[in-house]
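Each reported figure results from applying straightforward, stated rules to the coordinates on display, with no laboratory input. All values reported here derive from a predicted model rather than from experimental measurement. Cβ placement follows ideal geometry from the backbone for every residue including glycine, while neighbour counts extend to all protein chains displayed.
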Amino acid sequence: MDVLVQLILNGIMLGSMYAIISVGLTLIFGIVRVVNFAHGEFLMVGMYAVYLLSLHLGLHPYVSAVPMVLMLFAVGALVQRFIIQPLLGADEHIQIFATVGLSTALINLALLVFGADLYSVQAPGVRQPLSIGGYTVLHAQVVMLASALVLVAGLHLFMQRTPLGRAIRATAQNRNAAQLMGVRVDRIYVIAFGLGAACVGLASALISPLFPVTPTIGTYFVLTAFVVVVLGGMRSMYGAFLGAMIIGIVDSLSGYYIAPDLKEVVYFAIFILILIFKPTGLFGFGRGTE
Amino acid sequence: MTVRVSLSEAPPAGRLAALMAWLGNPRVYTSLAALSLILVIPIVVDSPFIVHVFVTICVFAGLSTAWNIVGGYAGQLSLGHMVFYGIGAYTTALLIQHFGLTPWLGMWVGAAVSVAVSVFIGYPCFRLRGPFFALATIAFLEVVRLLAIHFHGFTGGSAGLIVPLKLGWAWMIFQDKINYLYIAFGLLLATLAVSYAIRTSRLGYCLTAVREREDAASAAGISNTDVKLKAVMISAGLTSLFGSFHAMYLTFLEPETMFSLANSVSIAMFALIGGLGTVAGPLLGTVLVVPIAELARGWLGASANGLHGFVYGVVLVLITLTLPGGLAGTFGPRVTALIDRLPGRRVAPDREAPALRHIEGTPGEPVLETRDLVMKFGGLTATDHVSITLRRGEILGVIGPNGAGKTTLFNQISGFLKPTSGTVVIYDAEGRPVTPARADEYARLGVGRTFQIVQPFGKLTVIENIMIGAFMRHTSVDDARAAALRIARLVGLLHVKDVEARNLPIGDLKRLEVARTLATEPSILLLDEVMAGQNQTDTQKMVELIRTIRDTGVTVIAIEHNMQAIMSLSDRIVVIDSGKVIAQGDPREVVRNRRVIEAYLGEDFVDAQGL
């Protein structure tokens, strides 16, 4: 029983990490209606930047979170403006190829610049265990969970309470109608893509102390994030959050009870089953076949 | 665009002549000459490195060509295609290791396994669209890769698997690398031939139709799942053969390279760069991009790690932004026009099929019945216990205000919607009542329909659009084209037959809807507002066309808002309002029916007129 509770706790901590990445992916898909295959590479770029800031300026990764959020917002906005926007009217497969191409280019650029070596970021204190009622978690994991909750709550308030949030929601629901109401849809898309990428900026700062950065680290995380997003119904931030928790727990339990190297097989199997049998996601927040 | 010289149909004595005629076509001899360079250059240069580059070109061009059958022709963007390559490689290597089976046989076992896996993956995934299909294929690739690592006792796991080194042709392992090139080139030629054959066959047209518009393809009697499955099976088998060969060339297998996501993306990328859905595109893309990568690797060594991938990625983004049709898609027509100026045999002139066959049967007998059709969308009842009978040889007009449920009724009697309750009965050629399950089955039973919102295959020409319909009754491309030409003449589209459908004005698009449906040779024709948006001359032509069609024995049921036209055309009228049949009978009586006037003009009008 103790083991089970500890595993579930681990799962929730892992889930909060996936949540931050997946919420960003969901924002982009839900609003711009483009699946960003380069999302993981944004994370990778952020993690290398965190590493460089720590190495050269001695910045703690958590301090780097602020510049990372800003930098990735800019990256996302630029990608939307110069790559996605010209392709909005193009065939779907062209949009897929564009982000896949961006992903390939970024992975290999990192390989060219940094080589295939692992780089770890030093972050004093964050890997310290913390004991809660006999169960242990790391400080970094608690920060992750708190950040995920604050992120979702913050985005919720932003979407519901601000005029810009309302314009974004209107655009997500009906591109044309929003445009007729005077919403500058192109600008909304740039902001939405920026926000989605900014989420990964936050994630890169929080993940850096826990995982060493490699050129392919993004692929590792983003495939899981895709599973989460599909599970959560593609369009919904809250669905993505819940989906991330479920995948975190599945990851933790199957790693222990089945085999550590088969945990991905378990959630990819869930992914395929959800896509095929319940494309609206587990909670019915969206539609997968559109 | 196709070179229509059939070898198989020629009598034995004429085969040689047919072959010579085929070779005399400029498009054929220039293609063959260009292809032979892949073999000639490495033989002349005679450097192991160049041979390696060309073997790699053959393998990736072949993989990309095979991928293009699914990704290009069928438009299903698989990004996990290396799963079949890996299966081919591992099956062949393991069969040598455990059973001493020669790779020449092992590769076919691998292909069979891959085909089976492709059905297992394709059948459930084909209902997914665009990015979700791509994601599902990536997920399958990852699952197989992880399983290959996990069951290391069987596959060698991450440590890898070394192919037993037995030299010679029997084992497909050579000291002189040039022998690999012969095999790789042979495989590439075979794959290109398969790809060309599909492109210019009924299957190729059906795949394009399914890619462009699934509903319109169903209405033309094409089973979407069937044709996509055929494409993925052929593609998986070919991909697997290349995997088997490449395993013998590399002699070392590990899950990371055999089930590589990066390579899966690369082969798709080569096809896009060269031209998605074209025969030559994947080869062209590979020839342009692979040498850059291999030369960079050869000259710069490990310091260039990642350089080729970076170039690939940048090129891919640039192509999507500037040349989404790829090289072959953008420049192909111009190059073909140049090649056609060379001396040689020309494409055979078009043939037109004889007139429509007359449909047999007793006029007046029921051909289609609906029994208490109820269709509910959530709280809305779109059709409410609709029972109508369609009689052979009549023109039945269906009228009613907007939102009355007319199109919903059509969707049910053509199989696009399954009624909430009630049944549709079609009487087949032998007079037996049947209820088909899917839209394409309705079409094959002789129920042809048009769509209110026109559904052309935009990137196909007018004649090709009509051929999609004609393929339901004809298997050969020539016969389908002949039948399509005859119908193009009948409906008045002959003068625009080679125009791409997306460039047509609405009047012609409406006629194209009718033409494509007519080409399926229906015995029952469902016309959904084919006169809407037409000017008076066009409307008059359409009325005459419908009469001509009826005179060949086709039974017509038409939804129409153009009252004058439908009243003069119909033998009988059914009026639907709020999902219910409120009147039916002779047109002259129906227009005087109080409930019909109410439905159209409101109760107040009826009262005011004192009717």
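Placing dummy labels 7 Å off each Cα toward the beta-carbon, the span from B:VAL314 to B:LEU167 is 4.3 nm. Each listed q (0.06, 0.10 Å⁻¹) maps to a log10 I(q)/I(0) for chain B from the Debye sum over equal C-alpha point scatterers, namely -0.41, -0.94. All alpha carbon pair distances within the protein assembly as shown were sorted into 10 Å bins beginning at 0; the resulting P(r) in whole percents reads 2, 11, 18, 21, 19, 15, 9, 4, 1, 0, 0. All C-alpha pair distances within the range B:47-261, sorted into 10 Å bins from zero, spread as 9, 34, 34, 18, 5, 1 percent across the bins. Between B:ASP607 and B:LEU321, residue separation times 0.36 nm minus the direct Cα-Cα distance comes to 96.6 nm. Starting from the 7 Å offset along Cα-to-Cβ, what nm value, one decimal, do you get for the label separation of B:LEU19 and B:GLU256? Each label point lies 7 Å from its Cα, and together they span 4.9 nm. Can you tell me the 0 to 90 degree angle between the C-alpha axis of helix B:82-99 and the longest principal axis of chain B, rounded to 10? Taking the Cα atoms of chain B, the angle to B:82-99 is about 50 degrees.
For chain B, take the longest principal axis of its alpha carbons; what is the angle in degrees between that and the long axis of helix B:48-68, to the nearest 10 within 0 to 90? Compared with the principal axis, the helix lies near 20 degrees. Computed over the range B:340-461, the percent of Cα pairs more than 24 Å apart is 43. The mean count of C-beta atoms from other chains within 10 Å of the C-beta of residues in A:264-275, rounded to a whole number, is 5. Restricting the calculation to Cα atoms, the range B:153-250 shows an Rg/Rh of 1.16 when the hydrodynamic-style radius is the Kirkwood one. Each label was represented as a point 7 Å from its Cα along the Cα-to-Cβ direction; for B:ASP215 and A:TYR220 these points are 4.6 nm apart. Ordered by the count of other Cβ atoms within 10 Å of each Cβ, fewest first, B:ARG594, B:ARG297 give B:ARG594, B:ARG297.
Shielding by partners for peptide B:317-324, expressed as the average number of C-beta atoms from other protein chains within 10 Å of each residue's C-beta, is 6. Residues in the range A:158-167 carry Karplus couplings, in order, of 4, 5, 8, 9, 9, x, 5, x, 5, 4 Hz; the curve used is 6.51 cos²θ - 1.76 cosθ + 1.60 with θ = phi - 60°, and Gly or Pro positions show x. Applying a threshold of 18 Å to the alpha-carbon distances of B:LYS406/B:LYS541; B:LYS228/B:LYS497; B:LYS376/B:LYS406 flags B:LYS406/B:LYS541; B:LYS228/B:LYS497 as lying beyond it.
Computed FRET efficiency, Cβ-Cβ of A:GLN122 and A:LEU149, R0 30 Å: what is it to the nearest 0.05? E between A:GLN122 and A:LEU149, to the nearest 0.05, is 0.65.
Calculate, for A:PHE158 and B:THR225, the FRET efficiency according to 1/(1 + (r/R0)^6) with r their C-beta to C-beta distance and R0 60 Å; round to the nearest 0.05. Don't jump to the answer; show the numbers that get you there.
Working: r = 43 Å, r/R0 = 0.72.
The value I calculate is 0.85.
Give, in nm to one decimal, the length gained when the segment between B:PHE120 and B:GLU352 is fully stretched (0.36 nm per residue of separation minus the Cα-Cα distance).
Between B:PHE120 and B:GLU352, full extension yields an extra 79.3 nm.
Distance between the C-alpha centres of the range B:144-187 and the range B:398-467: 52 Å, rounded to the whole angstrom. For the range B:236-253 versus the range A:177-200, the spacing of their alpha-carbon centroids is 46 Å. Which shape class, rounded, prolate or oblate, goes with the range A:184-290 when its Cα gyration tensor gives a ≥ b ≥ c as root eigenvalues, a/c under 1.5 marks rounded, and past that a/b bigger than b/c marks prolate? The shape class here is oblate.
Two numbers describe the Cα atoms of the range A:2-277: Rg and Dmax, which are 18.5, 58 Å. Counting every other Cβ atom within 10 Å of each residue's Cβ, B:LYS166, B:LYS230 order from fewest to most as B:LYS166, B:LYS230.
For B:CYS206, A:CYS199, what ranking results if the residue with the fewest other Cβ atoms within 10 Å of its Cβ goes first?
B:CYS206, A:CYS199
Relative contact order of the range B:47-261, taken over Cα pairs closer than 8 Å and 6 or more residues apart, is 43 percent. Amide H to amide H, with H built 1.01 Å from N, B:THR383 comes under 5 Å of B:MET375, counting only residues 5 or more places away or on other chains. Mean separation of Cα pairs under 8 Å and 6+ residues apart, divided by the residue count of chain B: what relative contact order is that in percent? About 15 percent, as a whole number. Taking every C-alpha pair closer than 8 Å and separated by at least 6 residues, the mean separation divided by the residue count of chain A gives a relative contact order of 37 percent.
I'd like the mean, over residues of A:109-117, of how many other protein chain beta carbons sit within 10 Å of each residue's own Cβ. Please report the intermediate quantities before stating the final value.
Details: counts 6, 3, 6, 8, 2, 1, 4, 3, 0.
Average neighbour count from other chains, rounded to a whole number: 4.
For the pair B:SER421 and B:ASP478, a Förster radius of 51 Å applied to the C-beta separation gives a FRET efficiency near 0.65, rounded to the nearest 0.05.
Between B:HIS385 and B:LEU300, the contour length at 0.36 nm per residue exceeds the alpha carbon distance by 23.0 nm.
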